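What follows is a short report on a single structure.
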Amino acid sequence: NAGVTQTPKFQVLKTGQSMTLQCAQDMNHEYMSWYRQDPGMGLRLIHYSVGAGITDQGEVPNGYNVSRSTTEDFPLRLLSAAPSQTSVYFCASTPGTGPYEQYFGPGTRLTVT
Amino acid sequence: GENVEQHPSTLSVQEGDSAVIKCTYSDSASNYFPWYKQELGKGPQLIIDIRSNVGEKKDQRIAVTLNKTAKHFSLHITETQPEDSAVYFCAASRGNAGNMLTFGGGTRLMVKP
């Protein structure tokens, strides 16, 4: 199993540009989520999904959109990038409800100039 | 919502010494407390977790303690080795839908040979 994969690994955007961060998992996990990591602030939840077709907002959802059309994929869209979105983004998956381990991808480092 | 505070933000120890990282949480309904280790350039990886019905859990050189009354939990690493050098995150969750985690700010542990 490849686990959780993310692309791209690095990205530089100009303010106002749009892009999609890709996330895929091959473990048939129901739940997937997106976090952003900023220095000294740990990881903060952006959006999550409890299954195909179902998404919900996390702690810091503004400026981001998600959709979940398949169990495997959970892309994160930035419609109009802002410098405040400069961060490292992690996608994670977990088997289901309850206190199961979250499996994280390797991350995408995004810089918005 | 939940708020998790983690101390210290950086910790330097000599190889062979013990390291202790402490976290406090605010939501009395939280019942699942995992610890993640993040090596440079990688996503976080679960190293140990504890549920609210247990006061202490050990796994070789790593132990976690939980005090639900005081709402704090700690990570203890004994006989530290250079490969323990990493950033460690505590987290808390109610263990409900999607097991969404609230993370502490992280501790950078440096083990000097």
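The values are calculated or read from the model by the stated rules, or taken from the named source; none is laboratory data. Since the model is a prediction, treat every value here as computed from it, not as a measurement. Cβ placement follows ideal geometry from the backbone for every residue including glycine, while neighbour counts extend to all protein chains displayed.
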- Could we say that B:V54 is farther than 30 Å from A:T55 by Cα and either outside any strand (DSSP E or B) or within 14 Å of another protein chain (Cβ to nearest Cβ) (or both) here? yes
- If we only count strands (runs of 3 or more DSSP E) wholly inside region B:1-46, which ones have 2 or more residues that are over 27 Å from B:G95 (Cβ atoms)? B:10-14
- Item | Selection count where residues are of a type in the set (D, E, K, R) and surrounded by 18 or more Cβ atoms within 10 Å (Cβ to Cβ), scope region B:76-113 | 1
- What are the pairs, 6+ residues apart or on separate chains, where a residue within region B:43-68 that is surrounded by fewer than 17 Cβ atoms within 10 Å (Cβ to Cβ) has its Cβ under 6 Å from a residue that is among the acidic types (D, E)? B:L46/A:E101; B:R61/B:E79
- Going by the conditions given, is B:K57 over 23 Å from A:T94 (Cα atoms) and at pLDDT below 95? no
- Item | Members of region B:29-42 found to be within 14 Å of B:V4 (Cβ to Cβ) and either facing chain A (nearest Cβ under 7 Å) or loosely packed, with under 15 Cβ neighbours inside 10 Å (or both), listed by number | B:A29, B:Y32
- Entirely in region A:40-113, the strands (runs of 3 or more DSSP E) that have 3 or more residues that are modelled with pLDDT of 95 or more and over 13 Å from the mean Cα position of the chain (by Cα): none
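Here are A:G96, A:G58: which of them is of a type outside the set (D, E, K, R), under 23 Å from B:Q6 (Cβ atoms) and within 14 Å of another protein chain (Cβ to nearest Cβ)?
A:G58
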- Message: Being in a strand (DSSP E or B) and over 11 Å from the mean Cα position of the chain (by Cα): is that true of A:Q22 here?
- Response: no
